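Encoded as structure tokens, the structure appears first; notes follow it.
The values are calculated or read from the model by the stated rules, or taken from the named source; none is laboratory data. The shown structure was predicted, so the numbers you read here are calculated from the model rather than taken from an experiment. Backbone-built Cβ (ideal geometry, glycine too); neighbour counts: all protein chains shown.
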Amino acid sequence: MTNSNDERRVISVVVMNESSVLARITALFAGRGYNIESLTVAPIPYTDMSHITIETRGNARVMEQITKQLHKLIPVYKVIEHEEMVEKEMVLVKFPIAENLSDIAALASAYNGGIVNVGKEMVVAQVADEPKRVKHFIEAAERYNPCEIVRGGVVAIER
Amino acid sequence: MQMSGAQMVCEAIIAEGVKTVFGYPGGAIMHVYDEIYKQNGFEHILTRHEQAAVHAADGYARATGEVGVAMVTSGPGFTNAVTGLATAYMDSIPMVVISGQVPLSLIGTDGFQEIDAVGISRPCTKHNFLVRSLEELPRILKEAFYLARSGRPGPILVDIPKDITVEIGEFKYPDSVHIPSYKPTYKGNNRQIEKAVEAIKKAKKPLLYIGGGVVLSNAYKLVRELAEKTQIPAVETLMARGVMGAKNPLLLGMLGMHGNYASNMAMSETDLVISLGARFDDRVTGKLSEFAKYADIIHVDIDPANIAKLVDVDYPIVGDVAQVVQKMLPMLDDVNTDRYQAWREILKRYDELHPQSYVDSDEVIKPQWAIERLGELVGEQAIITSDVGQHQMWAAQHYPFDRPRQWINSGGLGTMGFGLPAAIGAKRAHPEKTVINITGDGSILMNVQELVTAAEYKIPVINVILNNHFLGMVRQWQTFFYDKRYSETDLSYQPNWKQLVEACGGIGYDVTTKEEFDAALQDAIEQDKVCFMNVAVNRFENVLPMVPAGGALFNMMLPPKIEKEGEK
Ligand SMILES: Cc1ncc(C[n+]2csc(CCOP(=O)(O)OP(=O)(O)O)c2C)c(N)n1
Ligand SMILES: [Mg+2]
């Protein structure tokens with residue numbers, strides 16, 4: 001259900017901590033044909049609420065519906081369709097030890113990261129940056145034969 | 001007070017003032033049934049199928065405006081109830097369904113009669129709960145009733161593991177609920193309401209578009225007053241029949257796929273749609289790009305997600321229809337009703353050009369005649385339920401509905417098998433009223449076992465079967481759009497209706513003439529027993545007007561014109 005008018009959007013959803021609240025949200029997206037590109041969830045410290053960040057695509061009408069339908073779910077406390085935000089994403093990449101480690105370290109540090117673990121056969125680099133830059137990092141890392149890439153999904157906060 | 005979870009369920013039902021519960025027992029819910037046996041705060045009606053229990057609770061809720069309650073066991077008991085939940089969900093009916101679940105320790109193990117009830121019912125309930133401890137049970141029950149009836153109403157499922165119904169704990173039913181994430185908007189923004197009123201005063205061809213929300217919010221008197229005061233003509237959706245009252249000169253009729261000519265033309269030509277509790281369903285709008293093409297739109301709805309979902313709205317007002325219209329009325333004291341005079345006359349001419357009509361016959365009963373005759377014979381004092389198909393549309397078109405909650409049907413989901421159990425629920429709520437289920441020879445068989453329930457509990461509902469020996473509505477589409485290939489719609493093979501109903505403890509009438517129709521109805525009302533009036537009607541009759549699916553509202557297939565005397 002994607003088309004050319006679709007725009008990338010990031011939505012934050014503040015929910016009451018309940019066992020099935022995440023299922024309600026993902027079922028809503030699946031049932032109404034909305035896309036989820038990435039999703040992160042974690043409890044909000046010192047409250048009984050959690051913060052869910054959803055990266056999605058859609059035209060203006062779809063976005064309005066997503067926001068309203070989310071709001072309709074009983075445990076949903078607040079829905080923020082981000083306009084002016086700071087957004088970050090984390091990625092972990094595993095490389096064979098035989099690759100050029102100093103190149104990898106330099107590359108990672110150019111993207112606000114570094115090597116975080118060195119094992120017998122593998123090294124792990126970590127980067128936390130804007131999603132667009134994380135994408136660039138992954139493209140640049142391609143030539144060092146990464147064997148595993150784990151992205152964390154977007155988190156965002158309104159400026 | 002110390003009591004078991006099962007007792008808490010009964011106490012909550014009593015505390016909510018519920019007088020009748022519909023249900024069906026089984027393993028996981030047996031402790032609750034044991035408590036039902038011991039109490040006398042409410043009656044329990046044993047339907048013969050869980051789907052029917054939920055429809056009956058639904059019919060009860062639609063007839064009264066109160067929360068309907070149904071109770072089922074886990075596994076197949078619950079899955080049988082799903083169609084009932086979905087039916088209520090699509091029409092925003094306040095309802096609480098309580099289901100048994102396997103004990104907590106067995107959840108997730110594929111235990112006997114275990115099914116993920118909250119998972120299955122998530123998209124067809126307003127909200128649902130799996131109770132995880134006895135401590136939270138009273139709060140959840142309280143919230144369930146509150147959620148069911150507040151905001152945009154809807155069905156709520158409470159799934160209770162068996163061990164929680166056995167466990168003993170302290171019971172205090174909460175006085176109030178506290179759900180920080182749930183705050184429905186009732187009032188309507190004053191500034192928006194003022195702007196909408198200004199638009200009404202400036203319009204030349206305004207139109208009231210009335211939906212089921214007006215029934216749900218008990219706003220019909222206010223809406224009639226609004227029409228009266230402004231002299232703005234009105235159209236009703238299928239769910240809103242009865243709001244304006246059939247005799248109201250401002251009512252044009254029902255709009256949509258089977259709407260009448262004047263209503264659909266009004267919607268096509270209006271310059272201001274005043275939408276009250278309607279949701280622009282595709283069966284109403286037809287082709288969206290042609291719908292109300294020349295109009296600005298005022299949309300009053302308690303559910304913000306309904307607003308601008310399908311059409312762009314110029315004056316969105318989130319709020320309860322009753323409260324919003326109440327605010328509008330004094331602002332319209334200086335409205336100039338003459339302004340809309342020319343518009344009213346155009347619409348009157350449209351109605352004269354193509355009135356809601358059919359060609360009657362002396363040889364065979366026409367289904368439309370049967371509905372009109374019912375209207376003449378029982379009219380205002382009856383409650384009419386229906387199933388789904390041609391008979392439903394003829395009932396909506398031809399019955400003179402006089403007040404809301406007089407017409408009970410499954411509009412959103414279109415559930416065949418709804419009519420009889422819903423009639424049972426409605427009759428239990430209003431024993432003094434004649435309750436008639438207008439049904440088809442297909443639909444009635446989809447919950448026919450409920451004849452037994454009606455007979456046992458002496459709930460005398462009259463089932464008028466408009467028998468065309470067809471799945472008529474599907475047959476009609478095959479006639480128009482599938483080159484008359486009648487694939488699997490011929491119901492020539494029929495049960496013996498009289499024997500069928502009599503075997504269940506009711507009375508049967510076979511009706512083939514107009515005289516027999518009158519006589520059977522009169523006898524049915526006097527006998528006061530559940531009955532079938534098996535009315536043989538014209539087989540190939542079509543529901544007209546008809547807007548083919550996806551077509552523009554003004555492109556209607558019209559009934560043949562009846563030439564009046566003096567006309568050529
Ligand atoms: C449970 C269910 N199954 C299938 C349908 C599709 N359907 C809509 S109308 C209809 C025919 C109904 O036949 P009948 O009850 O005889 O009514 P008639 O149209 O002949 O008046 C069918 C099969 C439905 N609405 N509900
Ligand atoms: Mg039929």
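Does segment B:477-505 hold any residues that are in contact (Cβ under 8 Å) with a residue 24 or more places away in the chain, within 14 Å of ligand 2 (Cβ to nearest atom) and in a helix (DSSP H, G or I), and which are they? Write out each step before concluding.
Kept after step one, since they are in contact (Cβ under 8 Å) with a residue 24 or more places away in the chain, are these residues of segment B:477-505: B:479-481, B:491, B:494-495, B:497-498, B:500-501, B:504-505.
Now drop any that are not within 14 Å of ligand 2 (Cβ to nearest atom), which leaves B:479, B:491, B:494-495, B:497.
B:THR479, B:TRP497, listed by residue number.
Please verify whether segment B:418-439 includes one or more residues that are in a helix (DSSP H, G or I), within 12 Å of ligand 1 (Cβ to nearest atom) and of a type in the set (Ser, Thr, Tyr).
No; the residues of segment B:418-439 include none that is in a helix (DSSP H, G or I), within 12 Å of ligand 1 (Cβ to nearest atom) and of a type in the set (Ser, Thr, Tyr).
List the number of the failed condition for B:LYS484; all other conditions in (1) buried (at least 18 other Cβ atoms within 10 Å of the Cβ); (2) at positive phi hold.
Here B:LYS484 meets the rest and fails (1).
Please specify each residue of segment B:37-56 satisfying the condition of being within 29 Å of the chain's Cα centre (by Cα) and not in a loop (DSSP other than H, G, I, E, B).
B:GLU43, B:HIS44, B:ILE45, B:LEU46, B:GLU50, B:GLN51, B:ALA52, B:ALA53, B:VAL54, B:HIS55, B:ALA56
Where residues in segment B:294-311 are part of a loop (DSSP other than H, G, I, E, B) and within 21 Å of B:GLU198 (Cβ to Cβ), which of them is nearest to the other protein chains (Cβ to nearest Cβ)?
B:ALA308
Name the pairs whose Cβ atoms lie under 8 Å apart, with the first residue in segment B:372-390 and farther than 19 Å from B:LEU471 by Cα and in a loop (DSSP other than H, G, I, E, B), the second more than 15 Å from ligand 1 (Cβ to nearest atom) and not β-branched (Val, Ile, Thr), and 6 or more positions between them or separate chains?
B:VAL378/B:LEU521
Looking at B:VAL474, B:VAL452, can you tell me which residue is within 12 Å of ligand 2 (Cβ to nearest atom), away from chain A (no Cβ under 14 Å) and part of a helix (DSSP H, G or I)?
Going through B:VAL474, B:VAL452 in turn, just one is within 12 Å of ligand 2 (Cβ to nearest atom), away from chain A (no Cβ under 14 Å) and part of a helix (DSSP H, G or I): B:VAL474.
Can you find a residue that is hydrophobic (A, V, I, L, M, F, W, C), outside the structural domain of B:GLN406 (by TED's automatic domain parsing) and free of Cβ contacts under 8 Å to residues at least 60 places away in the same chain anywhere in segment B:254-265? Step through it out loud before you land on a result.
Here is the first cut: in segment B:254-265, the residues hydrophobic (A, V, I, L, M, F, W, C) are B:254-255, B:257, B:262, B:265.
From what's left, outside the structural domain of B:GLN406 (by TED's automatic domain parsing): B:254-255, B:257, B:262, B:265.
Right, trim to free of Cβ contacts under 8 Å to residues at least 60 places away in the same chain and you get none.
No: zero hits.
If you check B:LYS126 against the conditions, is it in the same structural domain as B:ASN80 (by TED's automatic domain parsing), modelled with pLDDT of 95 or more and buried (at least 24 other Cβ atoms within 10 Å of the Cβ)? Steps first, answer last, please.
On the way: in the same structural domain as B:ASN80 (by TED's automatic domain parsing): yes; modelled with pLDDT of 95 or more: yes; buried (at least 24 other Cβ atoms within 10 Å of the Cβ): yes.
Yes: the conditions hold for B:LYS126.
Hey, which of the helices (runs of 4 or more DSSP H) in segment B:112-208, taking only ones fully inside, have at least 1 residues that are in contact with a helix residue (DSSP H, G or I) (Cβ under 9 Å, 6 or more places away or on another chain), within 28 Å of B:ILE302 (Cβ to Cβ) and in contact (Cβ under 8 Å) with a residue 24 or more places away in the chain? Don't jump to the end; show me each part of the working.
On the way: elements: B:117-121, B:137-149, B:162-166, B:190-202.
Once the helices (runs of 4 or more DSSP H) in segment B:112-208 are filtered for at least 1 residues that are in contact with a helix residue (DSSP H, G or I) (Cβ under 9 Å, 6 or more places away or on another chain), within 28 Å of B:ILE302 (Cβ to Cβ) and in contact (Cβ under 8 Å) with a residue 24 or more places away in the chain, what remains is B:117-121, B:137-149, B:190-202.
Residue check, B:LEU521 against (1) away from ligand 1 (no atom under 16 Å from the Cβ); (2) surrounded by fewer than 17 Cβ atoms within 10 Å (Cβ to Cβ); (3) in a helix (DSSP H, G or I), all met but one. Which one?
Every listed condition holds for B:LEU521 apart from (2).
Is it the case that segment B:463-470 has a residue that's within 16 Å of ligand 2 (Cβ to nearest atom), part of a loop (DSSP other than H, G, I, E, B) and either surrounded by 20 or more Cβ atoms within 10 Å (Cβ to Cβ) or charged (D, E, K, R) (or both)?
Looking for residues that are within 16 Å of ligand 2 (Cβ to nearest atom), part of a loop (DSSP other than H, G, I, E, B) and either surrounded by 20 or more Cβ atoms within 10 Å (Cβ to Cβ) or charged (D, E, K, R) (or both), one finds at least one in segment B:463-470, hence yes.
Restricting attention to segment A:2-41, which residues are of a type in the set (D, E, K, R) and out of contact with any Leu (no Cβ under 6 Å at 6 or more places or on another chain)? Lay out the reasoning, then the answer.
Initial filter on segment A:2-41 (of a type in the set (D, E, K, R)): A:6-9, A:18, A:24, A:32, A:37.
Selection gives A:ASP6, A:GLU7, A:ARG8, A:ARG9, A:GLU18, A:ARG32, A:GLU37.
Restricting attention to segment B:507-515, does a residue exist that is modelled with pLDDT of 95 or more and within 14 Å of ligand 1 (Cβ to nearest atom)?
The answer is no; no qualifying residue exists.
Pick from segment B:361-395 the residues that are surrounded by 24 or more Cβ atoms within 10 Å (Cβ to Cβ) and more than 21 Å from B:ARG539 (Cβ to Cβ): which of them is farthest from ligand 2 (Cβ to nearest atom)?
Among those residues, the one meeting the criterion is B:ILE383.
Any residue that is assigned to a helix (DSSP H, G or I), away from chain A (no Cβ under 13 Å), out of contact with any His (no Cβ under 6 Å at 6 or more places or on another chain) and closer than 24 Å to B:HIS55 by Cα - is there at least one of those in segment B:90-105? Talk me through it step by step, then tell me what you get.
Within segment B:90-105, the subset assigned to a helix (DSSP H, G or I) is B:90, B:104-105.
Filter once more, so that each one left must be away from chain A (no Cβ under 13 Å): B:90, B:105.
After this cut, where a residue has to be out of contact with any His (no Cβ under 6 Å at 6 or more places or on another chain) as well, the list is B:90, B:105.
Keeping just the survivors that are closer than 24 Å to B:HIS55 by Cα gives B:90.
Yes: segment B:90-105 contains one or more residues that are assigned to a helix (DSSP H, G or I), away from chain A (no Cβ under 13 Å), out of contact with any His (no Cβ under 6 Å at 6 or more places or on another chain) and closer than 24 Å to B:HIS55 by Cα.
Inspect all residues belonging to segment B:525-540 and state whether any of them is within 30 Å of B:ASP281 (Cβ to Cβ), surrounded by fewer than 18 Cβ atoms within 10 Å (Cβ to Cβ) and more than 22 Å from the chain's Cα centre (by Cα).
Yes - at least one qualifying residue is present in segment B:525-540.
Among B:ILE444, B:ILE465, which is the only one that is more than 14 Å from chain A (Cβ to nearest Cβ), within 16 Å of ligand 1 (Cβ to nearest atom), among the aliphatic types (A, V, I, L, M) and closer than 18 Å to B:ALA520 by Cα?
B:ILE465
Identify, by number, the condition in (1) in contact with a strand residue (DSSP E or B) (Cβ under 6 Å, 6 or more places away or on another chain); (2) without any contact (Cβ under 8 Å) to a residue 60 or more places away in the chain; (3) surrounded by fewer than 23 Cβ atoms within 10 Å (Cβ to Cβ); (4) closer than 26 Å to B:PHE22 by Cα that B:PRO103 doesn't meet.
So the condition that B:PRO103 fails would be (2).
Determine the pairs where a residue that is without any contact (Cβ under 8 Å) to a residue 24 or more places away in the chain, located within segment A:23-36, has a partner that is of a type outside the set (Val, Ile, Thr) and surrounded by 15 or more Cβ atoms within 10 Å (Cβ to Cβ) with Cβ atoms under 7 Å apart, the partner being 6 or more residues away or on another chain.
Qualifying pairs under 7 Å: A:ALA27/B:ARG122; A:ALA27/B:PRO123; A:GLY31/B:PRO123; A:ILE36/A:PHE29.
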